[in-house]
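Undergrad: Next up is a structure, given as structure tokens.
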Amino acid sequence: MNVKLTGSDRPEDIKRIARILEIVQTIAAAPQRYLRRDLAARFEVSERMIQKDLEVIRHGLVLPLEHGPEGYYFARMPRLPALQYTFSEALALLLAVQAAQQVSGIGSAELAAATARLEALFPAEFTPLLRQHGQRQPVTVQGEHRQQMLTLLNRALVEGRKVQMTYATRSRGGEHSERVVRPYTLYPYVRSWQLIAYCERRETVLMFKVDRIHTAKLLDEPYTIPADFDVDTYIGDTWGLLRGEGGGPEDVILRFAADAGQRVAEERWHASQQAEIQPDDSVLFRLHIAVTPEFVSWVLYYGSQVEVLMPDSLRQRVTEEHRRAAEVNETYIHNADDTIHD
């Protein structure tokens, strides 16, 4: 398979090249952290498009991209020679990196780390002046611009600084509340991001949808993430990230048709999953989870390609939803036919 990267001035081509380079950066920074569905959610494209991008990375960039049960990783990365800068070159590069932090689509955490390293090259007397220049753009971010929020939150994670934010709750009609949080991690989810952070107002670890953060600013108050914090433990037995919407965990067994089962088995959906390929190439998929509306929707997505073997309650819910969908569409078809004949 021959895949070539060619120059282009078309915006869609430039956007794709930028995405491919950021995928490389993302995987290199967090090996075995991202599966194809995670990358699709992070970059808001289909899994099929991500698969094409991965092919370019493997065959166009000729990077040894591997896939493990936890996610993608590079078997090795090219080693770059150490660089030395003159004072003026280092200063110019630092100012360029600080400017890049204001641009949407550039890896925020890596830029923050690069800024810190470049600042370390200069004498301590320069630090206040350099940081003052880097903060000429307002730290407080107005509106719900996702990339600006991700930039600020990534910076908070890198620098270990608390964040004061105005958050629109999902309940109570989107009422805004003021909070001070200590970011623990940013988590890609569906087509958005979730911030998992300790909320000083509620005195517990909570999950915040980044798109619901109305305003935010960095505080000059340091914090540390507890050594025993683990995101998988925090999410627990819940499917996905929506907590508190299901009962207790229970055993779930699904039988997938061969094609769908192969796709499901190659991804990591939950820590408890077990996949068994059957003699007829179907796949038995076992889980121990709290069945939430989100999980029911996931099962419904596979339509006739999946059969619920247990529990009975899940099979009944899936059957009822398919029945309702059939009734709605049959009614629509009949009404459309009547309109045509009239």
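Undergrad: Using Cβ contacts closer than 10 Å as the measure, can you line up 214, 288 from fewest to most?
TA: Details: 214 17, 288 14.
Going from sparsest to densest Cβ surroundings: 288, 214.
Undergrad: When the chain is fully extended, how far beyond the present Cα-Cα distance does residue 270 get from residue 52, taking 0.36 nm per residue of separation? Before the final figure, lay out each step's value.
TA: On the way: separation 218, 0.36 × 218 = 78.48 nm, distance 2.51 nm.
Separation in residues times 0.36 nm, less the Cα-Cα distance, equals 76.0 nm.
Undergrad: For the residue pair residue 75 and residue 29, what label-to-label distance in nm results when each label sits 7 Å from Cα along the Cα-to-beta-carbon direction?
TA: With each label point 7 Å from Cα toward Cβ, the separation is 2.6 nm.
Undergrad: Let me ask something else. For 225, 20, what ranking results if the residue with the fewest other Cβ atoms within 10 Å of its Cβ goes first?
TA: Ascending number of Cβ neighbours within 10 Å: 225, 20.
Undergrad: Now, a different point. What nm distance separates the two modelled labels at residue 209 and residue 233, each placed 7 Å from Cα along Cα→Cβ?
TA: 2.9 nm
Undergrad: In segment 237-331, if every C-alpha pair distance is counted and binned at 5 Å from zero, what percent goes to each bin?
TA: 3, 13, 23, 25, 19, 10, 5, 1, 0
Every number in this text was worked out from the coordinates using simple rules, so none of it is lab data. All values reported here derive from a predicted model rather than from experimental measurement. Cβ: placed from backbone, ideal geometry, glycine included. Neighbour counts: every protein chain shown.
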